[in-house]
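Scroll down for the structure; my scribbles are underneath it.
Just so it is clear, none of the values below were taken in a lab; they were calculated from the coordinates. Source: prediction; values computed, not measured. Every residue, glycine among them, receives a Cβ derived from its backbone with ideal geometry; neighbour counts consider all protein chains shown.
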Amino acid sequence: MKGWADLACPFFLKDEMKAEGLQHILEGCLKNDPRQQRALYEHFAKAMLGICLRYAADRMEAEDMMQMGFIKVFKSLHTYNGGNFQGWIKRIFIRESINQYHSRKRKLLDFTEGDDHTYLNVSDGFADAISQLQTAEIMKLLSTLPEGSRIVFNLFAIEGYGHAEIAEILGISEGTSKSQYSRARQLLKDQLSHSLL
């Protein structure tokens, strides 16, 4: 069974690239070697597309986000100071996806603050129900959420950001982040209960 862990850490990121191989690729990328840039792209493309799909309206937009993300990675590679490269590249893609989303003036984000803070209630069976689903089923459920709630849910439940960090990233209050997360959980729970009937 696939679940949240598979969304947060795609399978080939679990098989960490050997440090010396990654170092060689990064050195080549810093020298603008197209073969090394392609190697980096091929190694991380599937996982980064997965991140972009969680924030995009459709696959085509996700692919555009991914391309922009890799451009940013190659332009910013000189700022990478060692450490966890996978975490570094993932943060770039999350921020790039959110930036792309904000630049899309199709409609405003639906961030409304509410007073429902049931997001702390973890004993409601939600986690058990969602853990029984395949990754594709989870992605389909997430795609039905209002965009504001979906983004907060992705950042909190999948990416592991705290509500204070989410508030800063999205330019909203911490309370709005919490209520959007609660709203997303409730909508997902409602969808799960309807699908089980």
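Quick notes on this structure:
- Multiplying the residue separation of Thr79 and Arg35 by 0.36 nm and subtracting their alpha-carbon distance yields 13.8 nm.
- Couplings 3J(HN,Hα) of segment 188-193, computed from phi: 5, 4, 4, 5, 4, 5 Hz, in residue order, whole Hz [Karplus 6.51 cos²θ - 1.76 cosθ + 1.60, θ = phi - 60°; x for Gly and Pro].
- If R0 is 25 Å, the Cβ-Cβ spacing of Asp58 and Gln186 corresponds to a FRET efficiency of close to 0.50.
- Enclosed volume per residue, in Å³, of the convex hull spanned by Cα atoms of segment 4-103: 97 Å³
- For Leu155, Leu30, Leu53, order by how many other beta-carbon atoms lie within 10 Å, fewest first: Leu30, Leu53, Leu155
- Listed by Cβ neighbour count within 10 Å, with the fewest neighbours leading, Met48, Met68 appear as Met68, Met48.
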